[in-house]
Structure formats: C-alpha cells, structure tokens
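What follows is a short report on a single structure.
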Amino acid sequence: MLSIRRAARKVKPTPIRRGFHPRNACAEGALEWGGLTRPFPHAWALGDPQAASSRRTPGRFVYLRLDLVDAICNASSTQRYFIPSREVVVAYWDLHEFVECLEREGELKRISIPADVELEITEITDRVSKAGGPALWFENPHWAKNPTRYSMPLLINLLGSRRRMELALEVNSLEDVARRIEELLEMKPPEGFLDKVRLLPKLAELGSFFPKSVKSAPAQEVVETDQATLASLPIMKCWPQDGGHFITFPLVVTRSPKTGRRNVGCYRMQVFDNRTTGMHWQIHKGGAEHFRWLERQGQGRRMEVAVAIGTDPATLLSGVLPLPEDLDEFLFAGFLRQEPVELVACRTVDLEVPANAEIVLEGYVDLDDIRVEGPFGDHTGYYSLEDKFPAFHLTCLTRRRDPIYVSTIVGPPPMEDYWMGYAVERIFLPLLRKQIPEVVDMHMPAEGIFHNLLIVAIRKSYPGHARKVMHAIWGLPGAMFSKCIVVLDHDVDVHNLREVAWKAFNHIDPERDIQFTLGPVDQLEHASRLPSFGSKMGVDATAKWPSEGFTRPWPDEIRMDPEVKKKVDALWASLGLGTGG
Ligand SMILES: Cc1cc2nc3c(=O)[nH]c(=O)nc-3n(C[C@H](O)[C@H](O)[C@H](O)COP(=O)(O)O)c2cc1C
Ligand SMILES: [Mn+2]
C-alpha cells in the first residue's frame with residue numbers, strides 16, 4: 001500500500017489539494033458514504049470519513065474550506081471528507097489521518113479505561129515501549145489528585161517503532177529517505193539542453209516543498225484568548241520526582257530577532273500554572289539563540305512564541321531534527337512529506353503555525369522572567385536537575401474542535417525517542433557523508449542515549465585519519481555533543497555491537513589510541529565537570545599502520561578456507577549436528 005502511494009506519485013502528480021474546488025474533483029471519482037457511491041460534486045457533502053476508512057478503502061481525507069464552496073453548501077467552516085481513489089499519493093494531511101493509518105496497520109491500541117496523567121500513563125506506556133508495542137490512544141485520561149476528566153484523548157508512543165517511523169515518513173525503509181537526500185545532494189549543474197530539461201521536474205519538485213500560507217485552518221476552529229487555559233489539556237506528570245506536569249512533544253516556533261528567520265524545536269514545557277509554563281530550550285538550541293539575540297538587540301524584553309501540539313508526523317518529527325541553524329524545519333518537513341507544510345498566521349502573535357495542528361499555544365517569553373525548571377525524568381534515564389529557563393506566557397489557545405493531545409515520555413532507554421533518534425541517524429547519514437565522505441556507516445546505540453556513544457566506520461586512507469573524523473564529527477550540529485566516538489575500519493558492521501566490541505577492544509593500545517578533547521557537551525550531561533562543558537573521548541579502533549608508528553606486523557582476522565567451508569556445507573546434514581550448518 002505504501003509503495004503504491006509513492007510509486008503512483010511518479011506517474012501522476014497529486015490530484016487532490018486541500019482547498020480544491022469540489023467540481024475539480026469530479027475526475028477523481030466519487031465519494032463513498034454509507035455503502036453508496038455518489039459522483040462528485042453532488043454527494044461530497046455527505047461524506048462520512050469513519051464509514052469509508054473502516055472499509056480500508058484506499059483514499060484520503062481532504063479538507064474542504066467551505067468558504068470556497070458556500071454556493072453549494074451553507075456550512076461555514078472546514079469539514080473533512082474521505083475521497084476514495086486509486087491514485088492516493090498525498091502526504092498525511094494531519095495527525096488524524098496518520099492515526100487512521102496506524103489503526104489500519106494494527107499499530108495503534110485504543111484504551112478506554114480511565115488512565116491517570118500522573119505516573120500511570122507513563123507506567124503503561126513504558127511497558128508497551130520496552131516490549132516494542134503499539135501507539136496508545138488513551139480515550140479517557142484523567143487526573144485523580146486534582147480530580148479532572150479531560151475531554152480530549154491523549155496519544156503517545158506514536159513513532160515508537162521502526163515500522164511506525166516508516167509509516168510516518170511513508171517509506172518502505174528509512175534508507176529511502178536517505179536516498180532522496182543523497183539524490184538531492186548529488187544534483188549536478190546541468191550540462192547542455194537535455195540535462196537542463198531533465199533537471200526541471202526535480203527543481204519544480206524542490207520548489208514545491210516551501211511552506212504555503214493559508215487563510216483558514218483546522219488549528220483555529222476554536223479560539224480562546226482571555227479564557228485561554230492549559231487546564232483542559234491532559235498534560236502528564238511523567239516520573240515520581242518530576243517538578244510538575246510537562247508538555248513533552250511541542251513544536252516551539254520562534255523568529256530570530258537578528259535575522260527574522262524561523263526556528264522550530266521540540267522543547268519540553270513545565271506547567272507552572274494554567275497560563276504559564278517553562279520553556280526548556282537548552283543553550284545550544286535554536287530557540288535559546290533567538291532569546292540571546294533578543295537581549296543583544298536591546299529592543300524590547302519580550303519575544304513571541306507559538307507552540308503547535310500534534311501535527312502530521314513528518315512535521316512533528318522536523319522539530320527534533322538537528323538541522324543546521326537557519327534551515328527552516330517546516331521546509332525540511334515539506335521535503336520529508338513531499339508536500340508543503342501549510343501554515344496559518346497566529347491570532348495574537350506574528351508567527352505562523354502548521355494549519356493542521358491539533359492545539360496551538362500562542363504567547364511570549366520575557367527576558368525578565370526566568371524561573372527554576374525541573375527536575376524532569378529525562379532521556380538519559382536520570383532526572384535532569386533543576387535549572388533556570390524562561391517562562392512562557394500564554395496569550396491565546398487555538399485548537400480543533402476534536403483535538404488530539406500528543407505526548408511522549410523519555411526515560412531509561414529504549415523508548416519512543418530512540419526511534420526518533422534512529423530516524424535522525426539514518427536520514428542524516430548522507431548529509432554526514434557529504435561533509436566526511438570517508439564515513440561508510442554510523443550508529444548510535446540506544447544505551448548511548450545519542451550523545452554518549454557514536455560508532456562510525458570509515459574507509460581509512462592516511463595516517464591519523466580516524467582522528468580527523470572524530471574532530472569533524474565534534475564540529476557538526478547535534479553530533480557535536482558525542483561524548484565518545486569509536487572509529488572502526490570500513491569492514492566492520494557498526495550496527496552489530498558484538499562485532500564492534502570485539503574488534504574495537506582488540507585494536508586499541510588504550511594510551512596511544514584514545515584522543516581526549518574539551519568542548520561543549522549536552523546540557524543534560526550530568527557527569528561533566530561543569531554544566532554544558534566537559535571532555536570528550538575518541539577511540540581510534542582502526543587497524544594501525546606503519547605510517548602511524550606501528551611497526552609490528554598487524555595480524556590477519558581468522559577466516560576459514562572457502563574450499564573447506566564448501567565441503568563441510570555439503571557434509572553438514574549427514575553429520576547430524578542440527579543447527580550451525
Ligand atoms: C521527546 C523529545 C524531547 C526533547 N526535549 C528537549 C528539551 O526539553 N529541550 C531541548 O533543548 N531539546 C529537547 N529535545 C531535543 C531537540 O528537540 C533537538 O535538539 C532539536 O534539534 C532542537 O531543534 P533546534 O536545533 O532547532 O533548536 C527533545 C527531543 C525529543 C525527541
Ligand atoms: Mn533549528
């Protein structure tokens with residue numbers, strides 16, 4: 001089904017766009033409802049999404065902006081319809097559509113018994129997470145301590161497996177995304193007319209990934225300003241020693257006071273009261289850089305912030321990607337989903353948010369309002385300690401009529417964030433290779449919680465090459481935090497930790513092969529001598545060369561003679577030894 005979605009795209013361009021006129025959709029076929037198939041445009045207003053999707057009809061949901069078609073229908077806002085089609089090649093329009101996909105694929109479990117947002121949902125999700133289980137849709141989240149029943153569902157562990165990550169990005173394998181990035185990076189300047197013609201569709205495709213502004217949005221179906229409160233959101237207290245309840249999966253949008261450029265980052269937000277939260281952007285992150293420029297510019301003490309909770313999955317993921325500064329996350333999300341992210345202007349701040357967001361918080365941070373945030377059970381598996389971060393003030397809350405609250409938990413690995421990190425690792429390998437071409441493969445094992453351990457295999461070409469690679473990695477966004485980098489030769493499978501440990505420990509003379517250096521470390525690092533500053537270690541576990549001062553002979557790895565192997569293969573069944581053949 002997935003490969004069909006993408007393969008079809010190549011044959012025929014996306015036929016359906018949000019906001020299209022239903023008359024244009026006639027060619028697409030008909031709308032199915034209640035077992036009846038009716039031709040466009042007469043029946044489109046009768047669509048029942050649930051009925052259509054439950055029959056696994058290939059197709060997609062579309063949003064009709066009824067202001068465009070009020071001549072036909074007198075409803076006054078955005079409505080959702082299901083369009084059956086054989087040529088379904090469009091990105092998930094929103095989180096609801098992704099949830100429907102997960103459900104079809106058996107990747108989502110609905111839980112109707114009331115579950116407590118304080119600790120209980122964490123315990124359930126953690127067990128499911130560790131067992132490689134499905135995404136969880138808590139229909140009835142509640143908070144026993146301060147008796148509250150929430151009217152919106154809580155969705156968690158959404159991206160917590162390889163399969164769901166592939167579904168999120170609509171690929172059969174994450175390598176497919178890597179390949180698209182590789183193709184993009186390898187685009188050569190055209191030579192001659194034919195080359196130019198061939199390049200045109202590619203360029204047109206690229207151009208089509210830029211975010212698009214729209215005027216009305218599901219994200220603003222309900223608008224609360226003076227009455228805006230966080231009290232209606234099922235915000236979790238994740239772990240026993242947490243300093244409070246935390247919004248854990250927000251997309252925080254800011255604009256640089258210096259360049260005017262947008263940044264989107266996923267930074268947790270601790271609830272201080274119903275209209276105030278913490279804003280935990282660590283000092284190396286985009287949001288924190290914007291906040292510093294606010295101070296440096298000296299023109300005002302407040303910076304506007306918009307926060308989207310719950311979007312289509314590619315956009316959701318873009319907030320956690322370690323993109324170079326000033327590369328717009330929404331543009332990258334457009335590239336990932338192969339369709340532009342549609343943005344709508346916020347109601348009270350001069351920022352744009354994804355039109356398909358479930359919930360949007362608008363507000364500001366203030367240079368004069370810095371508060372203690374934390375502790376928080378973090379993705380290191382330990383609590384990150386209390387520290388000072390800006391407070392976020394809510395000025396407006398907008399949402400859909402039927403919002404889903406998206407949450408995630410971090411804690412002892414592996415959890416959902418491991419799969420996000422894994423996707424980052426795969427997606428970014430081609431980018432890493434562009435800068436360090438000798439890199440063959442890399443891996444960040446779950447237990448290394450990303451920044452503690454990065455294993456890399458290189459094609460070694462000159463003395464000291466492994467150390468060059470370490471230093472290059474310590475200079476990259478995101479990977480700069482790697483506390484330990486282990487560099488191995490190209491023939492080592494970095495995903496096979498047994499092979500890595502066997503070869504790395506064999507190949508080192510520790511005093512000679514370990515490179516220490518000092519530099520910025522992850523703000524979550526709890527063992528470093530100072531917050532955010534500490535040492536790093538690189539291990540040169542490649543075979544050593546005479547040109548590196550190693551004058552003893554380097555031994556060969558033991559491998560059986562192929563002829564003997566073949567002979568024993570033929571004999572094996574008759575030996576009666578069972579497995580091992
Ligand atoms: C579930 C989850 C929670 C995160 N929470 C935070 C956080 O509270 N603070 C932070 O600085 N980074 C956090 N991150 C990491 C950032 O989202 C990530 O570094 C991202 O690249 C930041 O974007 P930026 O480079 O545009 O600042 C989190 C990541 C995930 C997956
Ligand atoms: Mn960024």
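Structure notes:
Residues checked against (1) outside any loop (DSSP other than H, G, I, E, B); (2) more than 15 Å from ligand 2 (Cβ to nearest atom):
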position	(1), (2)
Trp281	no, no
Ala288	yes, no
Thr311	no, yes
Pro322	no, no
Glu339	no, yes
Val353	yes, yes
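- Within segment 256-280, residues that are of a type in the set (A, V, I, L, M, F, W, C) sit with their Cβ atoms under 9 Å from residues that are assigned to a loop (DSSP other than H, G, I, E, B) and away from ligand 1 (no atom under 11 Å from the Cβ), at 6+ positions apart or across chains, in these pairs: Met269/Ile235; Val271/Leu233; Val271/Ile235; Val271/Gly244; Val271/His245; Phe272/Gly244.
- Residue within segment 227-246 that is at pLDDT below 95 and either in the same structural domain as Gln299 (by TED's automatic domain parsing) or surrounded by 19 or more Cβ atoms within 10 Å (Cβ to Cβ) (or both) present: yes
- Scanning segment 252-276 for residues that are within 10 Å of ligand 2 (Cβ to nearest atom) and among the basic types (Lys, Arg) yields Arg261, Arg262.
- Given (1) away from ligand 1 (no atom under 15 Å from the Cβ); (2) of a type outside the set (A, V, I, L, M); (3) farther than 18 Å from Thr248 by Cβ; (4) at pLDDT 95 or above, number of the condition Ser482 does not satisfy: (1)
- Extreme residue, nearest to Ala219 (Cα to Cα), among residues of segment 283-302 that are surrounded by fewer than 18 Cβ atoms within 10 Å (Cβ to Cβ) and away from ligand 1 (no atom under 14 Å from the Cβ): Arg302
The rows are residues; the columns are (1) of a type in the set (A, V, I, L, M, F, W, C); (2) buried (at least 17 other Cβ atoms within 10 Å of the Cβ); (3) in contact (Cβ under 8 Å) with a residue 40 or more places away in the chain.
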position	(1), (2), (3)
Tyr383	no, yes, yes
Arg401	no, no, yes
Val406	yes, yes, yes
Leu432	yes, yes, yes
Ile455	yes, yes, yes
Pro463	no, no, yes
Val469	yes, yes, no
Met480	yes, yes, yes
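- Residue ID - farthest from the chain's Cα centre (by Cα), chosen from residues in segment 175-222 that are over 25 Å from Leu429 (Cβ atoms) and of a type in the set (Lys, Arg): Lys196
- Whenever a residue of segment 531-553 is buried (at least 20 other Cβ atoms within 10 Å of the Cβ), its partners that are of a type in the set (Ser, Thr, Tyr) and at pLDDT 95 or above, lying with C-beta atoms within less than 9 angstrom and at least six residues away or across chains, give the pairs Lys536/Ser482; Lys536/Thr517; Gly538/Ser482; Gly538/Thr517.
- Flag for Arg498 being outside the structural domain of His280 (by TED's automatic domain parsing), of a type outside the set (Val, Ile, Thr), more than 21 Å from His443 (Cα to Cα) and over 28 Å from the mean Cα position of the chain (by Cα): no
- Scanning segment 394-410 for residues that are more than 11 Å from ligand 1 (Cβ to nearest atom) and within 21 Å of the chain's Cα centre (by Cα) yields a total of 3.
- Every listed requirement among (1) more than 14 Å from Met420 (Cα to Cα); (2) within 13 Å of the chain's Cα centre (by Cα); (3) surrounded by 24 or more Cβ atoms within 10 Å (Cβ to Cβ); (4) within 15 Å of ligand 2 (Cβ to nearest atom) is met by Val305 save one, (2).
- Criterion: among the acidic types (Asp, Glu) and crowded, with 16+ Cβ neighbours inside 10 Å - qualifying residue of Glu525, Glu511: Glu525
- Residue ranges of strands (runs of 3 or more DSSP E) in segment 149-263 with at least 1 members away from ligand 1 (no atom under 16 Å from the Cβ) and in contact with a His (Cβ under 7 Å, 6 or more places away or on another chain): none
- The residues listed here are Arg347, Arg296; of these, the one that is in a helix (DSSP H, G or I), more than 15 Å from ligand 2 (Cβ to nearest atom) and of a type outside the set (Phe, Trp, Tyr) is Arg296.
- A single member of Val252, Val223 is within 24 Å of Pro153 (Cα to Cα), modelled with pLDDT of 95 or more and surrounded by fewer than 17 Cβ atoms within 10 Å (Cβ to Cβ), and it is Val223.
- Positions within segment 135-148 being closer than 24 Å to Pro313 by Cβ and in a strand (DSSP E or B), in sequence order: Ala135, Leu136, Trp137, Phe138, Pro141
- Selection of helices (runs of 4 or more DSSP H) fully inside segment 418-525 by the criterion of at least 1 residues being in contact with a Pro (Cβ under 9 Å, 6 or more places away or on another chain) returns 497-507.
- Where Ala135 falls short, out of the listed (1) surrounded by fewer than 15 Cβ atoms within 10 Å (Cβ to Cβ); (2) in contact with an Asp or Glu (Cβ under 8 Å, 6 or more places away or on another chain): (1)
The values are calculated or read from the model by the stated rules, or taken from the named source; none is laboratory data. Because the structure is predicted, anything quoted here is derived from the model rather than measured. Note: ideal-geometry Cβ built from the backbone for every residue, glycine included; neighbour counts use all protein chains shown.
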